[in-house]
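Notes to accompany the following structure.
The values are calculated or read from the model by the stated rules, or taken from the named source; none is laboratory data. Given the structure is predicted, the values throughout are model-derived calculations rather than measurements. So basically every Cβ, Gly included, is an ideal-geometry build from the backbone, and we count neighbours across all protein chains shown. We work out accessible area using only protein heavy atoms, side chains counted, and drop any ligands, DNA or RNA first. Shrake-Rupley method; radii C 1.70, N 1.55, O 1.52, S 1.80 Å.
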Amino acid sequence: MSTSCFTNRPGLVSLIILVSALTACTEHVPPPVETVRAIRTITVAEPASGKMRRFSGVVEAADTSSLSFEVPGNVQEVRAEVGERVTRGQVLAVLDDTSYQLNVEAAQAAVGGAEVQLADARNDLQRLQRLAAQDRGAISMRSLEQAQATYDGALQNLSYNNSRLNMARRDQERTSLLAPFDGVIAARRVDPFQEIARGEPMFDLFIEGAMQAAISIPESEIGRVYLGLAGDIRFPSISGQVHQGVVTEVSKVAGAANAFPIKLAIEAGAD
């Protein structure tokens, strides 16, 4: 079954994980009535037969990114909705860039002034250098050094103002929030005319098709769970169909009810 059968929102799943049986010396283990169906796994060795454990959890996108503006401002437009498929580079929202445009114009004016100062300093330095070449006693060494220092300072000032202009242009470009990759909008937290701060989450975007199951394992069972462990994932609403999963994350810190969160990647096309 392909992953396209999954819904974009989290859904309840039932998970069966094959774990090694730990039995006490006094426990009587009845002979198996039937052979347990083999479970596909990415581990090299085939897991031994053991007890089956069932856990509930949710299905979520495996690759999700929270999107935010890199500059603050007032939202002018919102161009994407929840559930909409977007492509890389597509504009999702736009800020009012009036103040950023003014910053660009001010920086451009500063660059223009710095260029004039540099041209004047260059002319003065070259004039003194010509006079000194014609008559060594006409221009003092101190005057030449001062002219050179003025020219160097004007050159640095132009470089600084060019950097400010580049930063102002970059900030203006960042008033448009772009999709970093092809995906589906999972959440939207922004509305038009809303004042937002730099880094405030605006959208959640996930790659369509890559799904995983998130479950919590009791402390008594977490020691039997390891990376690469295989499991069957069943959906209550889809009877008779089993999807293969492989453990990709095992938390070392317990959460609610002293249970440990783990995640399983759902294999594409597994039935």
Self-check item: Exclusive hit being at pLDDT below 90, of a type outside the set (S, T, N, Q), out of contact with any Gly (no Cβ under 7 Å at 6 or more places or on another chain) and over 30 Å from LEU95 (Cβ atoms), set GLY245, GLY153, GLY231, GLY255
Solution: GLY255
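Residue by residue, here is whether (1) assigned to a helix (DSSP H, G or I); (2) of a type in the set (Ser, Thr, Tyr); (3) open to solvent by 10 Å² or more (accessible area, probe 1.4 Å) holds:
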residue	(1), (2), (3)
LEU158	yes, no, yes
ASN162	yes, no, yes
PHE181	no, no, yes
ALA186	no, no, yes
VAL190	no, no, no
LEU205	no, no, no
GLN212	no, no, yes
TYR226	no, yes, yes
Quiz prompt | Failed condition for SER237, given (1) closer than 26 Å to GLY183 by Cβ; (2) at pLDDT below 85; (3) surrounded by 15 or more Cβ atoms within 10 Å (Cβ to Cβ) | solution = (3)
Practice problem: Could you tell me which numbered condition SER140 fails, if it satisfies all but one of (1) within 30 Å of THR98 (Cα to Cα); (2) free of Cβ contacts under 8 Å to residues at least 24 places away in the same chain? | Solution: (1)
Quiz item: Any idea which of GLN172, GLN244, GLN148 is polar (S, T, N, Q), part of a helix (DSSP H, G or I) and open to solvent by less than 60 Å² (accessible area, probe 1.4 Å)?
Solution: GLN172
Practice problem: Tell me which of these ARG79 doesn't satisfy, since it passes every other one: (1) at pLDDT below 95; (2) closer than 22 Å to ILE207 by Cβ; (3) of a type outside the set (A, V, I, L, M, F, W, C). | Solution: (1)
